[in-house]
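One structure is given here, and the rest of the page talks about it.
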Amino acid sequence: MEVFLSKKHENRIEFSVKGVSHYFANMIRRYSMMRVPVLAIEKVEFYDNTTAFWDEYIAHRLGLMPVITPKKIVNPEVTFYLDFEGPGIVYAKDLKSSDKDIVIAKENIPIITLGEKQKLKFEAKTALARGFNHARHQAGLVSYGIKDDTFNFFVESFYNMPPEDVITRGCDEILSEINLLKKELK
């Protein structure tokens with residue numbers, strides 16, 4: 001097997017793989033998208049919401065924001081806090097995290113605009129899950145095309161982790177399941 005890195009950007013990489021089967025390439029693609037554990041906001045408890053938006057709408061927006069997911073996670077339940085009074089725009093950077101290493105990946109994501117005297121106060125808790133549980137837990141998109149027996153992969157990270165980690169963590173998940181299978185068959 002030969003691997004060649006073609007392009008690398010902030011959240012995208014392109015690489016080519018030669019000497020593998022369709023089955024192997026598709027396994028890497030599927031595991032990288034669906035089996036890599038990713039942190040996302042799962043539960044939101046509102047203490048004050050005098051905005052024009054329902055709690056569920058705001059919770060949905062929070063759940064889709066990319067949360068930095070380190071490779072080694074000690075505690076997957078990180079709490080984000082917000083206590084904001086308008087007027088003003090609430091951005092991801094306004095959320096205070098209980099873990100300094102786990103924050104919202106893109107700090108300039110707008111959450112909501114508050115008018116005069118409107119308040120928003122909540123606690124949001126993360127959970128560690130996989131893309132097959134819910135799309136908010138996908139690490140990114142992985143696709144490939146084939147030309148002359150070479151698989152040209154395109155990986156786009158959702159900013160939870162670098163794009164190369166999407167692939168390497170996907171491969172780690174494959175190896176983990178292979179080792180589990182070996183153990184069970186002994």
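The table below gives the values:
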item	result
Leading residue by the ranking (surrounded by the most Cβ atoms within 10 Å (Cβ to Cβ)) among those in segment 140-173 that are within 12 Å of Arg12 (Cα to Cα) and aliphatic (A, V, I, L, M)	Val155
Neighbours by Cβ (under 9 Å, 6+ apart or cross-chain): first from segment 51-63, within 15 Å of Pro110 (Cβ to Cβ); second hydrophobic (A, V, I, L, M, F, W, C) and open to solvent by 20 Å² or more (accessible area, probe 1.4 Å)	Ile58/Val44; Ile58/Phe46; Arg61/Phe53; Arg61/Ile109; Leu62/Val44
Only one of Lys117, Lys96, Lys100 that is farther than 23 Å from Arg29 by Cα, open to solvent by 40 Å² or more (accessible area, probe 1.4 Å), at pLDDT 95 or above and of a type outside the set (S, T, N, Q)	Lys96
Every pair of residues 6+ apart whose Cβ atoms lie under 7 Å, when the first sits in segment 135-163 and is closer than 13 Å to Thr69 by Cα and touching a residue at least 12 places away in the same chain (Cβ under 8 Å) while the second is among the acidic types (Asp, Glu) and surrounded by fewer than 23 Cβ atoms within 10 Å (Cβ to Cβ)	Gly140/Glu156; Pro163/Glu156
Residues within segment 114-141 that are outside any helix (DSSP H, G or I) and within 13 Å of the chain's Cα centre (by Cα), tallied	13
Options Thr168, Thr150, Thr79: the member that is hydroxyl-bearing (Ser, Thr, Tyr), closer than 30 Å to Ser16 by Cβ and in contact with a Lys or Arg (Cβ under 7 Å, 6 or more places away or on another chain)	Thr150
Enumeration of residues in segment 59-70 that are open to solvent by 30 Å² or more (accessible area, probe 1.4 Å) and in contact with a helix residue (DSSP H, G or I) (Cβ under 8 Å, 6 or more places away or on another chain)	Leu64
Sole residue being in contact (Cβ under 8 Å) with a residue 24 or more places away in the chain and farther than 29 Å from Ala25 by Cα, chosen from Ile167, Ile112, Ile174	Ile112
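Condition check ((1) more than 30 Å from Asp148 (Cβ to Cβ); (2) in a strand (DSSP E or B); (3) open to solvent by 80 Å² or more (accessible area, probe 1.4 Å)) across all residues:
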residue: Phe4; (1), (2), (3): no, yes, yes
residue: Val20; (1), (2), (3): no, no, no
residue: Ser32; (1), (2), (3): no, no, no
residue: Asp48; (1), (2), (3): yes, yes, no
residue: Tyr57; (1), (2), (3): yes, no, yes
residue: Lys72; (1), (2), (3): yes, no, yes
residue: Phe80; (1), (2), (3): yes, yes, no
residue: Asp83; (1), (2), (3): yes, yes, yes
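The values are calculated or read from the model by the stated rules, or taken from the named source; none is laboratory data. This one's a predicted model, so the numbers in the text were calculated from it and none came from an experiment. Here Cβ is always computed from backbone atoms with ideal geometry, including for glycine, and neighbour counts include all displayed protein chains. Side chains included, ligands, DNA and RNA excluded: accessible areas come from the protein's heavy atoms. Shrake-Rupley method; radii C 1.70, N 1.55, O 1.52, S 1.80 Å.
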